[in-house]
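Comments concern the structure below.
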Amino acid sequence: MRYSPYTSGYRDAPCPISPCKLLLPARRASRPQARDLLALHQRYGPAVRISPTEISFSSAQSWTDIYAPRKRAEFIKSPFYDGGNFADKAHSIVSERDPVKHAQMRKFLARAFSEQSLREQEGIIDGVIQRWVDRVGEVSKAEGTVDLTRWFNLMTFDIIGLLAFGRDFGGVESGKTHFWISDVLGSMSQASLSDTLARFPWAGKIYMLLRPGWLKSLMAASQRHQSYTMKVTTQRIYEKTDRKDFMSYLLSDREEEAISDVQLAAHASDFVIAGSETTATTLAVCIHHLLLTPSILQNLTKEILSKFSTYSEITASSSARLKYLHAVSLEALRIFAPLPLGLPRVVPRGAE
């Protein structure tokens, strides 16, 4: 969370002995932040200064105070999000920093993510999952081992691709990673480094001298991503279909909100990025730790088998009643956060 160095109430937050301007930003350029932050909070408490203008909070109450809707001045997104505009033309629900515009976007997207909408899309999800189970079985028989992390990514990207663009990426069927997915995963792995270089312009200049092709490669991947996203979004816009997916709701509401094609593409891109790799990571972590703890796996298996006798009985609504499964999912998220960096906010004037 960013704030003015002179903001009342924040000047006394503890800071690691090492120069806090350099400590965490430099370390997070090459490693996930979560474990470093956890170690700092365990040593210094629920509020730790991690740079001259940033404080990290770890309490549940601080999460609510910072991220939940407020009647008073909101904690707006930091300038970190400025790099997230699509094709330099449109911000999305993720990158929009203006609270008023963000609220308008949430209202526009709400129907696409309603409970009714998600129920209507279960058939799409179920079809990909069933084919994924078959393909993983085929690969296992042919090769003996299966990289589940990779195959979870192929599955989740195919599912979200169908929901956002009306087409999958062919990953489950081919077993190969689409170039668009490779570009997305590659850019996400560079997020911490890009954030660090933005904080230290002098370091950025040195890095460019040492790796002159880095920025060029990053920009080329970004352009490929934007070009393909616009292509499939445009095709979905003009496709005549009664299929229910995320885009079907947005298209029916776009005229009233005057939403451009580029804006739709920006939202669709966010849907895929937010709902694919993060989900795949959580699934992989969950399976990994279940295999490491057979007693937990046994309890979870017992709960599932006690509730369902056929595959067709498993739906989003029926699965929501599985308390042990819910607890296992939350524990997987706690053990390994699928997002490799924080979600910085700026302290409004008068905030406590």
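Nothing in this text is a laboratory measurement; each read-out follows from the coordinates by a stated rule. Note that the coordinates shown come from a computational prediction; the quantities given were computed from them, not determined experimentally. Methodologically, a virtual Cβ is constructed for each residue, glycine included, from the backbone with ideal geometry; neighbour enumeration extends over all protein chains shown.
Would you list Thr279, Thr315, Thr310 from fewest to most Cβ contacts within 10 Å?
Details: Thr279 18, Thr315 12, Thr310 6.
By the 10 Å Cβ count, ascending: Thr310, Thr315, Thr279.
Simple rule: put +1 on each Lys or Arg Cβ and -1 on each Asp or Glu Cβ in the chain, find the dipole, and look at Leu162, Ile50, Val172; the Cα lying farthest toward the positive end is Ile50. Cα centroid distance between segment 109-151 and segment 233-260, in Å? Answer, in whole Å: 24. When the square roots of the Cα gyration tensor eigenvalues are ordered a ≥ b ≥ c, the ratio a/c for segment 100-215 is 1.5 or more and a/b does not exceed b/c, which makes its shape oblate. Net length available on complete extension from Asn299 to Arg321 is 6.4 nm, with 0.36 nm assigned per residue and the Cα-Cα distance removed. About its Cα centre, segment 152-252 has a charge dipole of approximately 360 debye under the convention of +1 per Lys or Arg Cβ and -1 per Asp or Glu Cβ, with nothing else charged. Shape descriptor for segment 266-350: Rg over Rh equals 1.10 (Cα atoms; Rh from the Kirkwood inverse mean 1/r).
Ordering Ser306, Thr278, Leu264 by Cα displacement along the dipole of segment 206-313 toward the positive end leaves Thr278 in first place; charges were set at the Cβ atoms of Lys, Arg (+1) and Asp, Glu (-1). Ellipsoid fit via the Cα gyration tensor, the chain: semi-axes of 34, 27, 23 Å, each the root of five times an eigenvalue, largest first. Rounded to the nearest 20 Debye, what is the dipole magnitude of the chain about its Cα centre when Lys and Arg each give +1 and Asp and Glu each give -1 at the C-beta? Charge dipole, the chain, about its Cα centre: 1200 debye, nearest 20.
Candidates Pro338, Ala73, Gly127 compared by Cα position along the dipole of the chain: farthest toward the positive end lies Ala73, with charges placed on Cβ.
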